[in-house]
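Enquirer: Provided herewith is a single structure, encoded as structure tokens, for subsequent inquiry.
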Amino acid sequence: MFLHSIDLETATKIVDAAIAKGHEMGFLPLTVVVLDDSGTMKAMKREDGASLIRPDVAMGKAWGCLGFGAGGRVITGRSETTPGFVNALATMSGGRMVPSPGGVLIKNADGRIVGAVGITGDTGDNDEICAIAGIEATGLTADPGVWPQ
């Protein structure tokens, strides 16, 4: 699939497939946010039972990936090795960046970043599993990042 940015139909498919993966795996209630390449929210669902702050956390995971230009694994690794730098970025972004697994870049067939997914509700590893499943269900490429680089 060739996209320049995530559209509503694709974002909705990502959210629904991610939540379905969470149900299949027996994960805790999830909140899923999909942003387009400009950082604009295209879709969000918060499952029943997910806590009040979850949409903000999911948004922060996705937004951080877009802002950093890397998957959540890279941001998490950087927060461990250079916490001052990542804290400064979080401060500069007004707290919009959450350095945790569960933030995954979405890339098109050319490898261009077309959006990001942020998921929260279970462990970061499990959130990431669902994000990858949601993205791959649309034929796009998931990039959770690799650490160490």
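Enquirer: Among the listed residues 48, 125, identify the single one that is more than 16 Å from the chain's Cα centre (by Cα) and among the charged types (D, E, K, R).
Expert: Working: 125 fails: more than 16 Å from the chain's Cα centre (by Cα).
So the residue among 48, 125 that is more than 16 Å from the chain's Cα centre (by Cα) and among the charged types (D, E, K, R) is 48.
Enquirer: Moving on to the next point. Report the residue count in the stretch 40-70 for those that are in contact (Cβ under 8 Å) with a residue 24 or more places away in the chain and either out of contact with any strand residue (DSSP E or B) (no Cβ under 8 Å at 6 or more places or on another chain) or among the basic types (Lys, Arg) (or both). Before you say what the answer is, go through the steps one by one.
Expert: Residues of the stretch 40-70 in contact (Cβ under 8 Å) with a residue 24 or more places away in the chain: 42-45, 47, 50, 54-55, 57-70.
This time we only want the ones that are either out of contact with any strand residue (DSSP E or B) (no Cβ under 8 Å at 6 or more places or on another chain) or among the basic types (Lys, Arg) (or both), so: 42, 45, 54, 61, 67-68.
Total satisfying the criteria: 6.
Enquirer: Hey, can you tell me all the residues within the stretch 91-106 that are of a type outside the set (Gly, Ala, Ser) and under 12 Å from residue 132 (Cβ atoms)? Spell out the reasoning first.
Expert: In the first step, residues of the stretch 91-106 are kept if they are of a type outside the set (Gly, Ala, Ser); the result is 91-92, 96-99, 101, 104-106.
Within the stretch 91-106, 101, 104, 105, 106 meet the criteria.
Enquirer: May I pose another question? Can you tell me how many residues within the stretch 122-149 are modelled with pLDDT of 95 or more, out of contact with any helix residue (DSSP H, G or I) (no Cβ under 6 Å at 6 or more places or on another chain) and of a type outside the set (A, V, I, L, M)?
Expert: Selection size over the stretch 122-149: 11.
Enquirer: Considering only the stretch 91-149, state which residues are of a type in the set (D, E, K, R) and within 22 Å of residue 27 (Cα to Cα). Write out each step before concluding.
Expert: Restricting attention to the stretch 91-149, the residues satisfying the condition of being of a type in the set (D, E, K, R) are 96, 107, 110, 112, 122, 125, 127-128, 136, 143.
Scanning the stretch 91-149 gives 122, 125, 127, 128, 136, 143.
Enquirer: Does residue 110 meet the test of being out of contact with any helix residue (DSSP H, G or I) (no Cβ under 9 Å at 6 or more places or on another chain) and in contact (Cβ under 8 Å) with a residue 40 or more places away in the chain? Steps first, please.
Expert: On the way: out of contact with any helix residue (DSSP H, G or I) (no Cβ under 9 Å at 6 or more places or on another chain): yes; in contact (Cβ under 8 Å) with a residue 40 or more places away in the chain: yes.
So residue 110 passes the test.
Enquirer: Given the condition assigned to a helix (DSSP H, G or I), on the phi < 0 side of the Ramachandran plot and surrounded by fewer than 24 Cβ atoms within 10 Å (Cβ to Cβ), answer yes or no: does some residue in the stretch 137-145 qualify? Give the derivation first.
Expert: At the first step, the residues of the stretch 137-145 found to be assigned to a helix (DSSP H, G or I) are none.
No; the residues of the stretch 137-145 include none that is assigned to a helix (DSSP H, G or I), on the phi < 0 side of the Ramachandran plot and surrounded by fewer than 24 Cβ atoms within 10 Å (Cβ to Cβ).
The values are calculated or read from the model by the stated rules, or taken from the named source; none is laboratory data. Everything numeric in this text was worked out from a predicted model, so none of it was measured. All Cβ positions, glycine included, derive from the backbone under ideal geometry; neighbour counts span all protein chains shown.
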